[in-house]
1. Can you pull out the residues in the stretch 126-142 that are without any contact (Cβ under 8 Å) to a residue 40 or more places away in the chain and buried (at least 21 other Cβ atoms within 10 Å of the Cβ)?
2. Has the stretch 498-506 got any residue that is out of contact with any Leu (no Cβ under 7 Å at 6 or more places or on another chain), more than 28 Å from residue 598 (Cα to Cα) and outside any strand (DSSP E or B)?
3. Evaluate the stretch 231-241: report whether one residue or more is modelled with pLDDT of 95 or more, in a loop (DSSP other than H, G, I, E, B) and out of contact with any Pro (no Cβ under 7 Å at 6 or more places or on another chain).
4. Six or more apart or on different chains, Cβ atoms under 6 Å: show the pairs whose first residue is in the stretch 424-435 and among the charged types (D, E, K, R) and whose second is surrounded by fewer than 22 Cβ atoms within 10 Å (Cβ to Cβ) and modelled with pLDDT of 95 or more.
5. Give the number of residues within the stretch 105-125 that are surrounded by 19 or more Cβ atoms within 10 Å (Cβ to Cβ) and either touching a strand residue (DSSP E or B) at 6+ places or on another chain (Cβ under 6 Å) or aliphatic (A, V, I, L, M) (or both).
6. Based on what the data block shows, is residue 128 assigned to a loop (DSSP other than H, G, I, E, B) and either farther than 26 Å from residue 260 by Cβ or modelled with pLDDT under 95 (or both)?
7. Would you kindly identify the strands (runs of 3 or more DSSP E) lying entirely within the stretch 569-621 that contain at least 3 residues that are over 22 Å from residue 386 (Cα atoms)?
8. Evaluate the stretch 517-526: report whether one residue or more is in contact with a His (Cβ under 9 Å, 6 or more places away or on another chain), of a type outside the set (S, T, N, Q) and at pLDDT 95 or above.
Amino acid sequence: MDKLFERTRIGSMKLKNRIVMGPMGTTGESDGSYCAEGIRYFEERAKGGTGLIITGANVVTTKYEARPCTELSNFHHVERLNMLIERCHHYGAKVCVQISPGLGRQQFTDPFTPPYSASECGAFWFPELKCKPFSKEEIKDIVEKLGYSASLAKMAGADAIELHAYGGYLLDQFHSKQWNMRTDEYGGELRNRMRFTLECIAAMRKNTGPKFPILVKFTPAHRVEGGRELEEGLEMAKILQEAGVDALHVDVGCYEAWHKAISTVYEKEGHQMDVVEAVKKTVSVPVFGQGKMFDPQKAELAVAQGKTDYIVLGHQMLADPEWANKVKSGNTMDIAPCIGCNECLLAGFSGKHYYCAVNPLCYAEDDYPLPEKKDVKETVLVIGGGPGGMSAAMTAAKRGYDVELWEKSSRLGGNLWAAGLPTFKHDVLRLITYMERQVIKLGVRIKLNKEATAENVLAGKYDKIILAAGSVPFMPPIEGIKTASSSGDYLLGIKKPGKKVVVIGGGLVGCETAAYMKEMAEEVTIVEMLPDILAIADHCLNNDQALRTMIKERNIDVVGDAKVTKITPDRVIYTKNGQEYTIACDTVIIAAGYQSNNLLEDVLEEKVEDLTVIGDAQSPRKILTAVHEGYHAIRVMR
């Protein structure tokens, strides 16, 4: 990993490696300053060996829109930002403070007040609202405030600043023809559309001096119909370099194609690197590249081949703050993997702090430490080897308990196998590999092909029992249902589809199953009771976009508002709007959800002293709930 760990310089800023934590929003205090949890969160990533940390966007004013996260507009914001920076400096990491003039049409905090933007375009989250165009006087006001925020960042001890000018946010709205229809000097040809950004750069330079590093994060390609094409994006790169910036941070996509900007499990590794490489070939300043570059070997190769100068990691830094240290030491098999679920993003846009499915300590570094190991050796039995069971077993072993894990099948992983075996979801398989390695390393006694019964559980006289037996497919009471099979049989490869497939159920599992089956079948149809697919899927918008795009691109038929009444070996019969219809098929797959496998709970709860039911055995939900409940069930043990 010679290239990744080279020492480099950007302007006056010396960096110990080429590994960058990308900007991600964080919660703050009511006045917009950083909270203690946020400061510790960044400190943990610095401790993990990251060379440069870019904060999430700090807005420069709340005059025109509500504050989405943290703010840097006031002298009193300096104190907490300085604490953050100093604590990262203790570990040799440098800190780049990202500064934002605002979200514009992307504002998500207020469905009642029309947001500001470059022109009278529609608001993204609230399409019925038409944006208010900024006046020239208001633009000048924001530029002045942004310059002042840059001075505050430098005062706080920042090593660099980054202008937030990408992804369909406010400055990118000015850059883009689809949102900027102005006829004054801030609209029209490209340089005029970039005028606001260039004035911001000039204000930042004026307020920080000639040698202070200024980065700009921008979007050379939106990859959506009507959006920016790469040819214009490369012209933007040249203009930004001429403006005197010290480095360019390349982004791809916008909220209309959010999955191309913030990666999901469905994207391929390195999916932005073609654009990054094109920018790298166009300019002479350093370039930052991102887009699922979590594989250390691929990251090293991208730098070695000159595709990018720096590797930016976002959600992978939430999953494992120690990524850089583990790569440097060659301990890559112990990296907790990001699985592209975007539970972190969903939490933030739901008003919560940023959770991570695979890391219960994310944004809670000081809140949930494991208690000291006990002097007396106590025994823990974990029933079930899925994500919840493995999480509990790992945690119990770390606490010093004598841990035994029973799994009734021949391998660990539980329903993660069905979730991860489709060709477009192999990120989930990395979680199985990681967790399996950890339980083995921690000395957990694993017994495969071991089914738990009340008799053998009680015979062991364990001090603590974790029931993590997962869930099983729900088979609805449809006439002829025995002709069909559950989605798991096909996702696991136990059964192969024919040429014409009908998937009953258009939720998350049904849609993923249909997309996977289309790789083998000629025709695939989803039949869903609700008006639309994914209607009750509790996942983030970018994951939703990615899966809907896949369904559309693979030409999968969707029948909504339909109730299946009968299944035969060669057809599915359903009713819709009072009419009966038939779909000819040779394969019927049921994806109607899951039900808890918790039969042991009633038998054991009055016969054992300490029993906790976690994960899908409690209620079918998510990987996040299983992993977190496994961790906390052991953490709170007396």
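The values are calculated or read from the model by the stated rules, or taken from the named source; none is laboratory data. Given the structure is predicted, the values throughout are model-derived calculations rather than measurements. So basically every Cβ, Gly included, is an ideal-geometry build from the backbone, and we count neighbours across all protein chains shown.
1. Listed by number, the list holds a single entry, 131.
2. Looking for residues that are out of contact with any Leu (no Cβ under 7 Å at 6 or more places or on another chain), more than 28 Å from residue 598 (Cα to Cα) and outside any strand (DSSP E or B), one finds at least one in the stretch 498-506, hence yes.
3. Start the filter on the stretch 231-241 by keeping residues that are modelled with pLDDT of 95 or more, which leaves 231-241.
Next, only the ones that are in a loop (DSSP other than H, G, I, E, B) stay: none.
No, there is no match, as no residue in the stretch 231-241 is modelled with pLDDT of 95 or more, in a loop (DSSP other than H, G, I, E, B) and out of contact with any Pro (no Cβ under 7 Å at 6 or more places or on another chain).
4. 430/337
5. Kept after step one, since they are surrounded by 19 or more Cβ atoms within 10 Å (Cβ to Cβ), are these residues of the stretch 105-125: 105-107, 115-119, 121, 123-124.
Within this subset, residues satisfying the condition of being either touching a strand residue (DSSP E or B) at 6+ places or on another chain (Cβ under 6 Å) or aliphatic (A, V, I, L, M) (or both) are 105, 116, 118-119, 123.
The qualifying residues number 5.
6. Numbers: assigned to a loop (DSSP other than H, G, I, E, B): yes; either farther than 26 Å from residue 260 by Cβ or modelled with pLDDT under 95 (or both): yes.
Taking the combined requirement at face value, the residue satisfies it.
7. Details: elements: 571-576, 579-584, 587-590, 594-596, 611-613.
Those strands (runs of 3 or more DSSP E) span 571-576, 579-584, 587-590.
8. Restricting attention to the stretch 517-526, the residues satisfying the condition of being in contact with a His (Cβ under 9 Å, 6 or more places away or on another chain) are none.
No; the residues of the stretch 517-526 include none that is in contact with a His (Cβ under 9 Å, 6 or more places away or on another chain), of a type outside the set (S, T, N, Q) and at pLDDT 95 or above.
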